[in-house]
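The values are calculated or read from the model by the stated rules, or taken from the named source; none is laboratory data. The structure displayed is predicted, hence computed values, not measured ones. Cβ atoms come from the backbone with ideal geometry, glycine included; neighbour counts cover every protein chain shown. Ligands, DNA and RNA are excluded from the accessible area calculation, which covers all protein heavy atoms including side chains. Shrake-Rupley method; radii C 1.70, N 1.55, O 1.52, S 1.80 Å.
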Amino acid sequence: MIEELIQEAIRAGDPYGALKGALHYRGGRLAVLDQEFRVRGRVYVLAIGKASCRMARAVFETLPRELVGDALIVTKHGYAMDCDGIEARIIEAGHPIPDENSLLAGKLGLELGERVGRDDILLTLISGGGSALFVYPAEGISLEDLIRTNELLLRSGATIREINTVRKHLSRVKGGRLAKAVKGTVVSLIVSDVVGDDLSSIASGITSSDPTTYRDAYEVLVRRGIWDRVPESVRRVIERGMRGEIEETPKELDNVHNFIIAGNSKACEAVARKAEELGFNSAVMTTTLEGEAKEVALAVGSIIEEVAKRDRPVKKPAVLVFGGEWTVTVRDAKGLGGPNQEFALSIARKIAGLNVTVAAFDTDGTDGPTDTAGGIVDGETLKKLEEAGVDVEEALRNHDSYHALERAGALLKTGPTGTNVNSMVIAVVGDRGDAL
């Protein structure tokens, strides 16, 4: 039953359907939701993110082919699905760590943007993963230095907003810099993977003005204890930026129109509606959940326990839905896993013995550097782990949730989903005897 709810979450975040519903072309005008743009020249297409192929397919089915100028699609390695018949250059690049293809994508994307004339439109299609897939380091910073900085940030426990604050100030394309290079109109359709749908954070704000500064980037690195560990070239650029020797990211972009067409909130609401159809009481508890995965899991577990034992704040049988993004501070641990796997392993301790099933997963199908979307655990999982000889506390200390959950048969594998609307937790709480 919980598998049906997981599939509903993925369907609700489907970028193809969302874009087909949002984008229309008629009478020489491009309509996006409730706004229209007169097309005087051509429409150039730049699609960046894990959902870029499905979004690009919807665009190519909507616009007359003769209207479309150059097109570039950038997605994750292994994600170039549904692109047959699309006349565009397709680049598969690295995620969560950028690679040489990410650099190529950034250079080609900026060149495409600079080719857009004053009467043209640059239609950008942005989805999760864009920050790593699309890079073009600031002058003086090598790709290797950028990768090293990215790795340090990911392992430091920094939030996505903090990571993107740094990324934007080490880039020639992020923080609105690509959009600033476009002479024509930029129309951006976005599938949000950021808590609160902050435009300046989604894919590091490729088409959004940026409220952060070089000083903010410096303070992130200091606060997370890695200022002295990032490459010297990174420190040099940030220091020059703080002295005003490098132009700040743009704070206003008059030629840009951004539209969020799908996100975590809509997906959570769809799961709750599906649960009601299946005969459960349901509630979206929050779509802004953040924090250290194993600690957040215990807090969520306490809410689930309250429902299971006391029928509040929702009466059983119930489905509780939580959306957001949780992190793992890895530091020097050598284990394998991801935030959702660590969440699942941690919450298994809290729901032990309860008639509860919990799925914690990333809607893109990939949790951390693994082949799994997350974990699915129930009231018997802790017992299974102990019987398999797994020391749960040690596994959590070593951030080795993948191997622990694997031994309990608790890994959740969906494969690439073609979308990314952040992470989600679905908790099914049954009356005693209910099969979940």
Please work out which one of (1) farther than 23 Å from Arg177 by Cβ; (2) in a loop (DSSP other than H, G, I, E, B); (3) open to solvent by 20 Å² or more (accessible area, probe 1.4 Å) is the condition Tyr25 fails and give its number.
(2)
Being in a loop (DSSP other than H, G, I, E, B) and either among the acidic types (Asp, Glu) or touching a Lys or Arg at 6+ places or on another chain (Cβ under 9 Å) (or both) is the filter here, so list the residues in region 1-22 that pass it.
Gly13, Asp14
Are any residues in region 227-245 in contact with a helix residue (DSSP H, G or I) (Cβ under 6 Å, 6 or more places away or on another chain), farther than 18 Å from Ser142 by Cβ and not in a helix (DSSP H, G or I), and if so, which ones?
Trp227
Condition check: closer than 18 Å to Leu104 by Cβ and not polar (S, T, N, Q). Does Ala138 satisfy that?
yes
Matching residues, region 66-104, being within 23 Å of Ile261 (Cα to Cα) and among the basic types (Lys, Arg)
Lys76
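For residues that are over 15 Å from the mean Cα position of the chain (by Cα) and buried (at least 24 other Cβ atoms within 10 Å of the Cβ), tally how many sit in region 329-344.
To start, the set of residues in region 329-344 that are over 15 Å from the mean Cα position of the chain (by Cα) comprises 329-337, 341-344.
With buried (at least 24 other Cβ atoms within 10 Å of the Cβ) added as a condition, the list becomes 337, 341-344.
Within region 329-344, residues that are over 15 Å from the mean Cα position of the chain (by Cα) and buried (at least 24 other Cβ atoms within 10 Å of the Cβ) number 5.
With the condition kept exactly as written, say whether any residue in region 53-67 is without any contact (Cβ under 8 Å) to a residue 24 or more places away in the chain and either in contact with a Ser or Thr (Cβ under 7 Å, 6 or more places away or on another chain) or not in a helix (DSSP H, G or I) (or both). Full working, then the answer.
If we filter region 53-67 for residues that are without any contact (Cβ under 8 Å) to a residue 24 or more places away in the chain, which is where we start, we get 65-66.
Narrowing the set further to residues that are either in contact with a Ser or Thr (Cβ under 7 Å, 6 or more places away or on another chain) or not in a helix (DSSP H, G or I) (or both) leaves none.
For region 53-67, residues without any contact (Cβ under 8 Å) to a residue 24 or more places away in the chain and either in contact with a Ser or Thr (Cβ under 7 Å, 6 or more places away or on another chain) or not in a helix (DSSP H, G or I) (or both): absent.
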Cβ-Cβ under 6 Å pairs, at least 6 apart or on other chains, region 222-234 side without any contact (Cβ under 8 Å) to a residue 24 or more places away in the chain, far side in a helix (DSSP H, G or I):
Trp227/Leu221
Candidates Ile190, Ile202 - the one that is of a type in the set (Val, Ile, Thr), within 23 Å of Pro339 (Cα to Cα) and open to solvent by less than 10 Å² (accessible area, probe 1.4 Å):
Ile202
Quick test of your reading of the structure: Glu248 fulfils all but one of (1) acidic (Asp, Glu); (2) open to solvent by less than 70 Å² (accessible area, probe 1.4 Å); (3) not in a loop (DSSP other than H, G, I, E, B). Name the failing condition by number.
(3)
Only one of (1) within 25 Å of Arg331 (Cα to Cα); (2) open to solvent by 10 Å² or more (accessible area, probe 1.4 Å); (3) at pLDDT below 95; (4) not in a helix (DSSP H, G or I) does not apply to Glu162, and that is (4)
Being open to solvent by less than 20 Å² (accessible area, probe 1.4 Å), in contact with a helix residue (DSSP H, G or I) (Cβ under 7 Å, 6 or more places away or on another chain) and farther than 30 Å from Gly323 by Cα is the filter here; which residues of region 28-49 pass it?
Val43, Val45
Within region 345-357, how many residues turn out to be open to solvent by 10 Å² or more (accessible area, probe 1.4 Å) and part of a strand (DSSP E or B)?
1
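For region 259-291, give me the residue count where each residue is open to solvent by 50 Å² or more (accessible area, probe 1.4 Å) and either of a type outside the set (A, V, I, L, M, F, W, C) or in a strand (DSSP E or B) (or both).
Our first condition is that a residue be open to solvent by 50 Å² or more (accessible area, probe 1.4 Å); within region 259-291, this holds for 260, 266, 269, 273, 276-279, 281, 284-285, 288, 290.
If we keep only those that are either of a type outside the set (A, V, I, L, M, F, W, C) or in a strand (DSSP E or B) (or both) too, we end up with 260, 266, 269, 273, 276-277, 279, 281, 284-285, 288, 290.
Of the residues in region 259-291, 12 are open to solvent by 50 Å² or more (accessible area, probe 1.4 Å) and either of a type outside the set (A, V, I, L, M, F, W, C) or in a strand (DSSP E or B) (or both).
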Matching entry among Val186, Val220 (being closer than 16 Å to Ile48 by Cα and either in contact with a helix residue (DSSP H, G or I) (Cβ under 6 Å, 6 or more places away or on another chain) or part of a helix (DSSP H, G or I) (or both))
Val186
